[in-house]
Amino acid sequence: MSEEVKPIYAKGFFTMDLSGTVRQYTVFYYTDPKFYYANLSEDEYRRELSLLRRNMQQFLDEEVIRINGVRVHAKVVYVNVGLLTVNLPFIEFLITFKGSLRSGVNNYEDEYEEEVTEYPYDILWWLPGNVVEVSMAGEVNVKGNVLTVKVSEGTRVGGKESITFIVDNV
């Protein structure tokens, strides 16, 4: 990625089913004043996808994700680069991981290095049970089993985040 390409916004969608499988779809939006992505050849595009996949996987490998106290490992399963316009590219990632759920109280935790956000982002979690407690930076909103988080640019995030939710029947 060119140094001229700057992130401007991101959106992450997470779904967890009763088997404990989490499917994550995250999109990062950029400004690209010199049309780096629009000008990639087919070979350069393939190399860029490979580099993006490796970089995201490395970032995920540094996180400590736990479901009910057991560490799980996230894996990048898909990456794509697209263009809204020639100077507004986006990068999509599909990521998955799996833990074990139980009837009653369940907990998702994610530990990663603290940082100050350079751009705003939104997160949506759709969980298999009602959310009862959330510890995350940003503006948190819970409606039953749906959790949304809006994080503004300049917000300190990271460290340890958690979601506690109740599942009736596993």
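The values are calculated or read from the model by the stated rules, or taken from the named source; none is laboratory data. No experiment lies behind these values; they were computed from the predicted model shown. Neighbour counts are summed over all protein chains in view; Cβ atoms, including those assigned to glycine, are modelled from backbone coordinates with ideal geometry.
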Condition set closer than 12 Å to V167 by Cβ and surrounded by fewer than 17 Cβ atoms within 10 Å (Cβ to Cβ), scope the stretch 84-109, selection nearest to the chain's Cα centre (by Cα): answer is N107
Output for Cβ contacts, cut-off 7 Å, separation at least six or different chains, first residue under 22 Å from L40 (Cβ atoms) in the stretch 64-84, second of a type in the set (K, R) and surrounded by 13 or more Cβ atoms within 10 Å (Cβ to Cβ), reads V76/R53; V79/R53
- prompt: Would the stretch 56-65 turn up any residue that is closer than 25 Å to N145 by Cα, exposed (fewer than 15 other Cβ atoms within 10 Å of the Cβ) and more than 13 Å from the chain's Cα centre (by Cα)?
  reply: yes
The lone condition S19 fails out of (1) more than 26 Å from T164 (Cα to Cα); (2) exposed (fewer than 13 other Cβ atoms within 10 Å of the Cβ); (3) modelled with pLDDT of 95 or more is (1)
Those residues of the stretch 1-36 that are under 18 Å from T85 (Cβ atoms), assigned to a loop (DSSP other than H, G, I, E, B) and in contact with a strand residue (DSSP E or B) (Cβ under 6 Å, 6 or more places away or on another chain) come to a total of 2
Residue hits (the stretch 143-170; more than 11 Å from P120 (Cα to Cα), in a strand (DSSP E or B) and among the charged types (D, E, K, R)) are K143, R156, K160, E161
Taking the stretch 33-81 and the residues there that are among the basic types (K, R) and in contact with a Phe, Trp or Tyr (Cβ under 9 Å, 6 or more places away or on another chain), the one that is nearest to E161 (Cα to Cα) would be R66
Listed by first then second residue, the pairs whose first member lies in the stretch 1-22 and is farther than 20 Å from I65 by Cβ, whose partner is of a type in the set (A, V, I, L, M, F, W, C) and surrounded by 15 or more Cβ atoms within 10 Å (Cβ to Cβ), with beta carbons under 9 Å and at least 6 positions apart or on separate chains, are M1/L52; M1/I91; P7/F28; I8/F28; I8/L88; Y9/V27; Y9/F28
